[in-house]
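What follows is one structure encoded as structure tokens, with my remarks underneath.
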Amino acid sequence: MGRWFPNQRCVGFVNTEVIQRGQSLDLLTEQIVRSVYEILRVGGMSSLVSASTNITLAITTGFVGHYGVSALAGYGAGARLEFLLVSLSYAIGGPAGILIGTSVGAHHNTRALRVAWIGTLVAGLTAETIGLAAACWPGVWLSTFTRDPVALATGSTYLRTVGPFFGFFGVGYALYCAGQGTSRMQWPVTGALVRAAIAIAGGFLVTRFGNGTSGIFLAVAAGMATFGFLSLPSLIWWVGDGSCGQHPRAMIRTRNQESGGGYESDQGVAKQSTCPRGLRYPLQQERLCGG
């Protein structure tokens with residue numbers, strides 16, 4: 001039947017300690033994976049917005065280059081003003097994103113929504129004011145870089161065509177910053193990618209079939225407007241409480257009416273009452289919230 005060894009109890013203790021250490025290692029690994037996922041879920045998608053902006057400007061520069069060096073110089077001077085909108089919009093949207101993230105973490109959802117709207121409006125109106133001023137008086141900006149008449153004409157065409165749409169860029173970029181604060185980047189990223197696709201595809205068609213630089217600039221303007229419009233649903237349709245995901249208002253209202261409850265309101269933002277607060281990771285939501 002076997003022999004009894006005095007150290008069997010010690011072996012049992014050792015095995016228990018090994019198991020506990022293995023479980024601790026698995027938990028640490030899971031926490032690291034979750035942390036990396038949270039970083040890439042926001043940072044990785046944010047890089048797509050910045051990359052799409054730079055790629056759009058670079059490819060559009062190549063399209064305009066088909067029409068001569070002077071035309072390229074004029075577009076470059078005008079596009080420099082557009083590129084400066086990135087820094088301007090981030091100066092407004094960046095702090096707003098920090099306030100939004102802080103408010104969501106503290107479950108002050110009404111304040112987060114108010115900050116998002118204010119930041120979006122300020123960024124949009126500021127960029128639109130600059131765009132309209134550049135469209136009305138393009139020579140004030142362009143004469144800083146060149147005196148060439150062809151370059152001035154091309155740059156003026158660009159600013160008069162695209163300048164009135166600068167406000168959409170400000171709105172889209174501010175909502176992109178707000179998405180960083182709420183970890184909801186889907187709509188701003190979609191808008192940025194669609195903007196790049198419209199500008200690049202439109203510029204290619206104009207260059208291929210011939211319509212001058214004005215057609216290229218129209219494609220750029222259309223893409224910029226799309227960026228602003230496609231970023232808005234993240235602020236209008238989805239309102240989250242920072243705990244267990246987000247639900248459309250209409251869906252929550254319908255469920256409340258049909259089931260007679262199941263959701264409760266917290267400062268105008270709906271949340272599922274059975275779901276604990278403070279859950280930030282998808283695995284926790286799936287296990288405890290049934291999501």
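The values are calculated or read from the model by the stated rules, or taken from the named source; none is laboratory data. Quick caveat, the model's predicted, so the values are computed rather than measured. Glycine gets a Cβ as well: all are built from the backbone with ideal geometry, and neighbour counts include every protein chain shown.
Here is how the numbers come out for the structure above:
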| read-out | value |
| --- | --- |
| Any pair with Cβ under 8 angstrom, 6 or more apart, that starts in the range 180-205 at a residue that is over 16 Å from Val42 (Cα atoms) and ends at one that is surrounded by 20 or more Cβ atoms within 10 Å (Cβ to Cβ) and of a type in the set (Phe, Trp, Tyr) | Val194/Phe227; Arg195/Phe227; Gly203/Phe63; Phe204/Phe63 |
| Per-region count, the range 100-123, residues surrounded by 20 or more Cβ atoms within 10 Å (Cβ to Cβ) and within 18 Å of Tyr173 (Cβ to Cβ) | 6 |
| Filter result (in contact with a Pro (Cβ under 8 Å, 6 or more places away or on another chain) and of a type outside the set (Ser, Thr, Tyr)) within the range 35-56 | Val49 |
| Residue match in the range 128-137 (condition: surrounded by 22 or more Cβ atoms within 10 Å (Cβ to Cβ) and within 17 Å of Leu84 (Cα to Cα)) | yes |
| Counted residues, the range 169-191 - those being hydroxyl-bearing (Ser, Thr, Tyr) and at pLDDT below 85 | 2 |
